[in-house]
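**Q** Following this message is one structure expressed as structure tokens.
The values are calculated or read from the model by the stated rules, or taken from the named source; none is laboratory data. Just so it is clear, the model here is predicted, and its values are computed rather than measured. As a convention, Cβ positions derive from the backbone with ideal geometry for all residues, glycine included, and neighbour counts pool all protein chains shown. Keep in mind that these areas ignore ligands, DNA and RNA; they rest on the heavy atoms of the full protein, side chains included. Shrake-Rupley method; radii C 1.70, N 1.55, O 1.52, S 1.80 Å.
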Amino acid sequence: MSDFALISQAIPQVFTLYNMLLIFGGLVLGMVIGCVPGLSVTLGIILMLPLTYTFDDPASAIILLLAVYVGGMYGGSISAITLNTPGTNSAIATTFDGYPLAKKGKVKKALDTSLFASVFGGLFSAVLLLLCASLITKLVANFTSVEYFSLGIMGISLIAGVSGSSLPKSLISGMIGLLMACIGMDAVTGVTRFSFGSATLKYGIDMLPAMIALIALTQVVQKLRDFKVSGGKLDDARKIDKQGITKKETISILPACLRSSAIASVLGAMPGVGGGVAQFLCYNEVRRTSKHPEEFGKGCLEGIAAAESSNNAVVGSAMIPLLTLGIPGDGVTALLLGAFVLHGIQPGPTMFTKQGVMAYTIIIGCLVANVLLAPLGLGMTRIVAKIVQVRYTYLAPVIIMFCFAGAFAATGNTKELIICAGILIFSYTLTVLDIDNTPLLLGMILEDIMEQNFVTASMSYDRNYSIFITRPISCVILIVTVVLLVSMIRVNRRIAKLNAKQEAEMAAEHAKMENA
């Protein structure tokens, strides 16, 4: 069946009242969760995942989670602008110019710029996903278990290479994730591994409780700690004025939006990059090419546009490797990969041949979510911004309750609560040691893919392990993995220099104000 025929069948499935309500609700929830510091997009997806178990159509479940993703990426800019506290990691660069502009009494202008740039970047990458996904799938249709194992290596190594401030610590985290996924009965031999005689660990660790503990509960505990240390300063919200962005200003930021969206779409399609990296690179590139670079960091609209269009452009492009190769593009799509698996969807080259209508239903749903973000953002931003006034000590217990309820709902077994609590303690210990748990989560997700394909390749080629290098496509993938890993290390160093420079400039500005 042609791509056009698949798309024509997918469109009516997206534009049902049920799916449109799901997109609307997902966007609102995403905006709220993204707005509140500490409630990340990943948390929103994890909280919604157990609720999708009752959905008859798996595509509707994924569409809902994508709507939360889209809304959350924009929602993070609200607190970044009003409180100088990014609601998500991908909104850090938004604070550089968003908060200074808010301090000038132009909160509405900053929020309007953020919304326009977010919609622009999201639509740019969603259209790119629609046009390129099937083409990429056809290119990798002849992949064997050898190539899939190499892709697994690419996915985990790149995530480890860009997560956290230390590459060795990130690699350790990824290896721990691989070992944790090995707990339980081996799917090939039936041998029980790493259970230490415990009946609780005999059948392994279910993915959903692990995701809840590693991402959601760990963030809640961290935020409660930070909230107590800071003396509860998160309820210092600003009033939103009525002076929005003008048409002339909108036109002036279009080049910044286009440049950032293009760069971020390329970066987002590379497994392991994500919005956290893209925002800094795009912000720096737009500042470098701007006619007024001296205005950046002081409330420049181009700076807000660069940051927001870049992190939203990553949403669609990060889905490209997930749908076409079966490997996640960033931490959030790593969770989405888990959601795909839980709903019986196998992303990868065969998805567009065996589940083509579902694939395009998900892609078009992502496109529609970005379109609806514009009117919804205009109508809901002022209301959502009030959420940041709620004390986090009131929000945290509710979040924790939903998290453990979601862990229990995974299998209906109380052992999942024990595993969830145990992983939470272990995950928080890693954060105290400054070890990022994102590579750990990805290691758990990719271990099954890597192990099964490694065993299959070994048996098919009579334990000739050189096949991973001698097969051209596999060799190219491994070479690209090394090249991208090295480049990401250099990118991390560049970002570190940018952060150091930005902190030095802020310190100098602060000292200047004190002297004055």
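**Q** Quick check on region 460-468. Is at least one of its residues within 21 Å of I327 (Cβ to Cβ), modelled with pLDDT of 85 or more and open to solvent by 90 Å² or more (accessible area, probe 1.4 Å)?
**A** The answer is no, given that none of the residues of region 460-468 is within 21 Å of I327 (Cβ to Cβ), modelled with pLDDT of 85 or more and open to solvent by 90 Å² or more (accessible area, probe 1.4 Å).
**Q** Of all helices (runs of 4 or more DSSP H) completely enclosed by region 94-213, which ones contain at least 2 residues that are modelled with pLDDT of 75 or more, of a type in the set (S, T, Y) and surrounded by 16 or more Cβ atoms within 10 Å (Cβ to Cβ)?
**A** 94-103, 107-139, 145-162, 167-181
**Q** Follow-up. Test each condition in (1) surrounded by fewer than 24 Cβ atoms within 10 Å (Cβ to Cβ); (2) modelled with pLDDT of 85 or more; (3) among the hydroxyl-bearing types (S, T, Y) for T52 and report the one that comes out false.
**A** (2)
**Q** Could you go through region 383-394 and let me know if any residue there is open to solvent by 20 Å² or more (accessible area, probe 1.4 Å), modelled with pLDDT under 75 and under 19 Å from the mean Cα position of the chain (by Cα).
**A** No: region 383-394 contains no residue that is open to solvent by 20 Å² or more (accessible area, probe 1.4 Å), modelled with pLDDT under 75 and under 19 Å from the mean Cα position of the chain (by Cα).
**Q** Provide a single number: the residues in region 246-278 that are under 15 Å from the mean Cα position of the chain (by Cα) and either within 17 Å of R490 (Cβ to Cβ) or modelled with pLDDT under 75 (or both).
**A** Looking only at that region, the number is 12.
**Q** Quick test for you: out of D57, D3, pick the one residue that is modelled with pLDDT of 80 or more and charged (D, E, K, R).
**A** Every option except D57 fails the conditions.
**Q** Of these, L367, L373, L337, which one is assigned to a helix (DSSP H, G or I), open to solvent by less than 60 Å² (accessible area, probe 1.4 Å) and modelled with pLDDT under 85?
**A** L337
**Q** For a quick check of your reading of the model, give me the residue pairs whose first member lies in region 336-362 and is over 22 Å from V127 (Cα atoms), whose second is open to solvent by 10 Å² or more (accessible area, probe 1.4 Å) and of a type in the set (V, I, T), with beta-carbon atoms closer than 7 Å and at least 6 apart or on different chains.
**A** Final answer for the pair search is G338/I445.
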